[in-house]
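Here is the structure we will look at, set down as structure tokens.
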Amino acid sequence: RTRETAEIIAAALSGVEILIVPGFAERRLGEWNLRSIEETQPWLAAGQTPPGGESDADFVLRIGRAVQTVKPWLPLHPLLVGSKGVARVLGQLGPLVTPATRTLAVESSADRTLASALVLAGPGMMRR
């Protein structure tokens, strides 16, 4: 659904390219995947790692690395379309991120996405 949202935004902005950045994918929930948010939220809030999934520390580290990979495009003012978990981590990283990085806008959604997309607005942008 995140990719679909990025497609809608790109079409509305006319001529904007989409770059899929795997590092911004939602947290891997292992055996908790496809369970309801109501069921998993208490476990996540308690700091539990999903069986076969990604720990919160690993998720935060991965998102931090992904931010580093998109820094070259920050002068183009990209729009990051991602899950609410990605938005949460970007908020946590806020003090650790340069002011230029804060130009990333985050579309947060409650759905469980497979990967996030970076919508790049400007001439000569990246390919799909």
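The values are calculated or read from the model by the stated rules, or taken from the named source; none is laboratory data. This is a predicted model, so every value here is computed, not measured. Counting neighbours? That spans all protein chains shown, and the Cβs are built from the backbone with ideal geometry, glycine included. All accessible areas refer to the heavy atoms of the entire protein, side chains included, with ligands and DNA or RNA removed. Shrake-Rupley method; radii C 1.70, N 1.55, O 1.52, S 1.80 Å.
Below are the figures for this structure:
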read-out: Among (1) in contact with a helix residue (DSSP H, G or I) (Cβ under 8 Å, 6 or more places away or on another chain); (2) open to solvent by 70 Å² or more (accessible area, probe 1.4 Å); (3) modelled with pLDDT of 90 or more, the one test that Gln92 misses; value: (3)
read-out: Subset tally (residues that are within 13 Å of the chain's Cα centre (by Cα) and surrounded by 13 or more Cβ atoms within 10 Å (Cβ to Cβ)) for region 54-71; value: 10
read-out: Residue check for Val60: in contact with a Leu (Cβ under 7 Å, 6 or more places away or on another chain), among the aliphatic types (A, V, I, L, M) and over 21 Å from Ala12 (Cβ atoms); value: no
read-out: Residue within region 63-70 that is farther than 24 Å from Ile9 by Cα, touching a residue at least 24 places away in the same chain (Cβ under 8 Å) and not hydrophobic (A, V, I, L, M, F, W, C) present; value: yes
